[in-house]
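Here is the structure we will look at, set down as structure tokens.
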Amino acid sequence: MSSSLLTAARRVVIKIGSALLVDPAGGTVRSGWLRGLAADVADLRGQGKDVILVSSGSIALGRHALALQPPLSIEASQAAAAVGQLRLAAAYDEVLAPSAQILLTLDDSEDRRRYLNVRATFETLLSLGVVPIVNENDTIATDEIRYGDNDRLAAQVAAMAGADVCVLLSDVDGLYTANPALDPEAVHIPVVDEITEEIAAMAGEGVSGLSKGGMITKLMAARTATEAGCALAITRGGERPLRALAQGARATWFTPKVDPHTARKRWIAAMRPRGTVAIDEGARTALAAGKSLLTAGVTFVGGSFGRGEPVAIEGPDGRKIGQGLIRYTGEEARAIKGLRSGDIAATLGYPGRAALIHRDDMVT
């Protein structure tokens, strides 16, 4: 199961917990373990795969640097994160250069405009050969805009980035029928095709002193990932953990019903359009060939909508031929309809995106 899913994957998201990355005694990065992970990432990239890391560790690193004793107040945690993020980024860049840091809050995935911005940033960084390192923006996040744990953040990143596989590296090697630390009769479950109430009832809390997430949050992450068409694995983060997983190390794999592309298309198709764009025959031919919708082929823009909101696409005969997430506001789209891409900046006063609706954000 593991080797076939990883072999077929085009894009992989890997979540690293604090307990794996940070030495609990000295509060420093476990550099030997990190070099092993970097070697695994290099192997995956050598196979032509995109890799995104979601890493905990900033608060743990910052807390030790500031000599703060737990439990920490919210303000102290945010201060520790601000200090620790620099150390975390430096550690990753030393072994994975070029790498980039992306800090997110829950708002960034729930707001469509920010969602498109994040997605576009991922695509650009990966096309340039950069490894994105993602963490929750603990320095500014408040309770109402927090993911709360990096298991769910990793699953949401996988959904945003259209990943095929999400791997949660942990201090456990998967889901058991009961907590194996408390029940010696607990049985490991290698594959979960559906997260039923019975499966959910098996979740127990983790035993790590550094990590926030337990099995409950991992099941929540699995539900998010699989609904987005992404397989998710929970496995132990030992030495060279991705190589071990590919070679059949014990894990629990949660299987998706559809692939990420199909899941995303269904999500877009289910939205209620906030406006309409009408296109000419040339643009309709281009869309039928799998191209993005450019401004030059747009003849009419109707409705009031913001960037990232869904709009209906109508052909020259007025019939709906598709739907997509538009990259401009209604006012902007009306100003640049019919223009060639090179003329957008002169009209808007700033450089715009070439596509009005990108093919990845469109259903036809």
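The values are calculated or read from the model by the stated rules, or taken from the named source; none is laboratory data. Keep in mind it's a predicted model, so treat the numbers as computed, not measured. All Cβ positions, glycine included, derive from the backbone under ideal geometry; neighbour counts span all protein chains shown.
Before moving on, here are some points about what is shown:
- Of all residues in the stretch 301-347, those being in contact with a helix residue (DSSP H, G or I) (Cβ under 6 Å, 6 or more places away or on another chain) and hydrophobic (A, V, I, L, M, F, W, C) number 7.
- Listed conditions (1) at pLDDT 95 or above; (2) touching a Ser or Thr at 6+ places or on another chain (Cβ under 9 Å); (3) of a type in the set (Lys, Arg) are all met by Arg334, apart from (2).
- The single condition among (1) under 25 Å from Leu66 (Cβ atoms); (2) of a type outside the set (A, V, I, L, M, F, W, C); (3) not in a helix (DSSP H, G or I) that Pro132 does not satisfy is (1).
- All positions within the stretch 261-304 that are modelled with pLDDT of 95 or more, assigned to a helix (DSSP H, G or I) and in contact with a Pro (Cβ under 8 Å, 6 or more places away or on another chain): Glu281, Arg284
- Scanning the stretch 224-254 for residues that are more than 17 Å from the chain's Cα centre (by Cα) and among the polar types (S, T, N, Q) yields Thr235, Gln247, Thr252.
- Matching residues in the stretch 227-243 - criterion: being at pLDDT 95 or above and assigned to a helix (DSSP H, G or I): Pro241, Leu242, Arg243
- Filtered residues of the stretch 27-56 (kept if of a type outside the set (A, V, I, L, M) and more than 15 Å from Leu88 (Cα to Cα)): Gly36, Asp40, Asp43, Arg45, Gly46, Gln47, Gly48, Lys49, Asp50
- Those residues of the stretch 177-204 which are over 18 Å from Thr217 (Cβ atoms) and touching a residue at least 24 places away in the same chain (Cβ under 8 Å), in sequence order: Thr177, His188, Pro190, Val191, Asp193
- Residue under evaluation Gln78, criteria (1) surrounded by 22 or more Cβ atoms within 10 Å (Cβ to Cβ); (2) part of a helix (DSSP H, G or I), criterion not met: (1)
- For Val95, the requirement of being closer than 27 Å to Asp50 by Cβ and either surrounded by 19 or more Cβ atoms within 10 Å (Cβ to Cβ) or not assigned by TED's automatic domain parsing to the domain that holds Asp43 (or both) is not met.
- Inside the stretch 280-321, residues that are without any contact (Cβ under 8 Å) to a residue 40 or more places away in the chain and either farther than 12 Å from Ile357 by Cα or charged (D, E, K, R) (or both) make up a count of 20.
- Looking across the stretch 28-62, the residues that are free of Cβ contacts under 8 Å to residues at least 40 places away in the same chain and buried (at least 18 other Cβ atoms within 10 Å of the Cβ) come down to Arg30, Leu61, Gly62.
- Verdict on Gly324 being under 22 Å from Ser109 (Cα atoms), among the small types (Gly, Ala, Ser) and not in a loop (DSSP other than H, G, I, E, B): yes
- Where a residue in the stretch 125-136 is assigned by TED's automatic domain parsing to the domain that holds Leu103 and surrounded by 19 or more Cβ atoms within 10 Å (Cβ to Cβ) and its partner, wherever it lies, is modelled with pLDDT under 95 and of a type in the set (D, E, K, R), with Cβ under 7 Å and at least six apart: Glu136/Arg146
- Qualifying position, being crowded, with 16+ Cβ neighbours inside 10 Å and under 30 Å from Arg35 (Cα atoms), among Gly229, Gly214, Gly248, Gly275: Gly214
- In the stretch 144-201, the residue that is modelled with the lowest pLDDT out of those that are surrounded by 21 or more Cβ atoms within 10 Å (Cβ to Cβ) and in a strand (DSSP E or B) is Ser170.
- Flag if Ala154 is assigned by TED's automatic domain parsing to the domain that holds Ala246, touching a Cys at 6+ places or on another chain (Cβ under 8 Å) and either closer than 20 Å to Arg30 by Cβ or among the hydroxyl-bearing types (Ser, Thr, Tyr) (or both): yes
- Residue match in the stretch 246-255 (condition: more than 30 Å from Leu168 (Cα to Cα) and in contact (Cβ under 8 Å) with a residue 24 or more places away in the chain): no
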